[in-house]
Amino acid sequence: MRVEEVFHPGTLTCEASDPLAEVARKMAAEHVGALAVLDNDRIIGIISERDLVRAIAERADPQEQTALSFASRQLETATVSDDTKDAARRMLDAGIRHLPVKQGHMVIGVISMRDLLAVETWL
């Protein structure tokens, strides 16, 4: 199966300068575990629930510290034509649960480990 068959189109984002408190509110409101971090409409990282937990553990001020301060900057991505098993393997190898999905140079959505588990469970 291909990523294009299971990913979530559209990318939920935050700005690099957004305070962590706003990032957490947005994740909660949208019921997602990660947001793409943008700087002038360019994706520069991804911030996840794990990153927010790390911020809390480090006693970061959620009003003062920004998304960029705790975002993962080494960005792994998938393409719409990638095989879902390959995407899952890359996630496992990198220890991550979300991959932005690209078509050409544009990020068009996200695929999560939950999406890939659903594929394996329901097929």
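What follows draws every value from the coordinates through simple rules; no lab data is involved. Remember, it's a predicted structure, so these values are computed and weren't measured experimentally. Note that each Cβ is placed from the backbone with ideal geometry, even for glycine, and that neighbours are counted across all protein chains shown.
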Quick check, is A118 within 23 Å of A28 (Cα to Cα) and either of a type in the set (A, V, I, L, M) or buried (at least 17 other Cβ atoms within 10 Å of the Cβ) (or both)?
yes
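Yes or no, residue by residue, for (1) farther than 30 Å from R89 by Cβ; (2) hydrophobic (A, V, I, L, M, F, W, C):
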{"residue": "L12", "(1), (2)": "no, yes"}
{"residue": "D39", "(1), (2)": "no, no"}
{"residue": "I47", "(1), (2)": "no, yes"}
{"residue": "D61", "(1), (2)": "yes, no"}
{"residue": "E64", "(1), (2)": "yes, no"}
{"residue": "A67", "(1), (2)": "no, yes"}
Count, please, the residues in region 68-87 that happen to be within 14 Å of the chain's Cα centre (by Cα) and over 15 Å from I43 (Cβ atoms).
2
Of the residues A16, A34, A28, which single one is of a type in the set (A, V, I, L, M, F, W, C) and without any contact (Cβ under 8 Å) to a residue 24 or more places away in the chain?
A28
Search result, residues across region 72-123 that are under 13 Å from A36 (Cα atoms), outside any strand (DSSP E or B) and among the β-branched types (V, I, T)
T77
What single numbered condition from (1) polar (S, T, N, Q); (2) surrounded by 12 or more Cβ atoms within 10 Å (Cβ to Cβ); (3) in a loop (DSSP other than H, G, I, E, B) fails to hold for S69?
(3)
Can you say whether V23 is among the β-branched types (V, I, T) and touching a helix residue (DSSP H, G or I) at 6+ places or on another chain (Cβ under 9 Å), as far as the supplied structure shows?
yes
Within region 32-66, of all residues that are of a type in the set (K, R) and under 29 Å from E4 (Cα atoms), the one surrounded by the fewest Cβ atoms within 10 Å (Cβ to Cβ) is R42
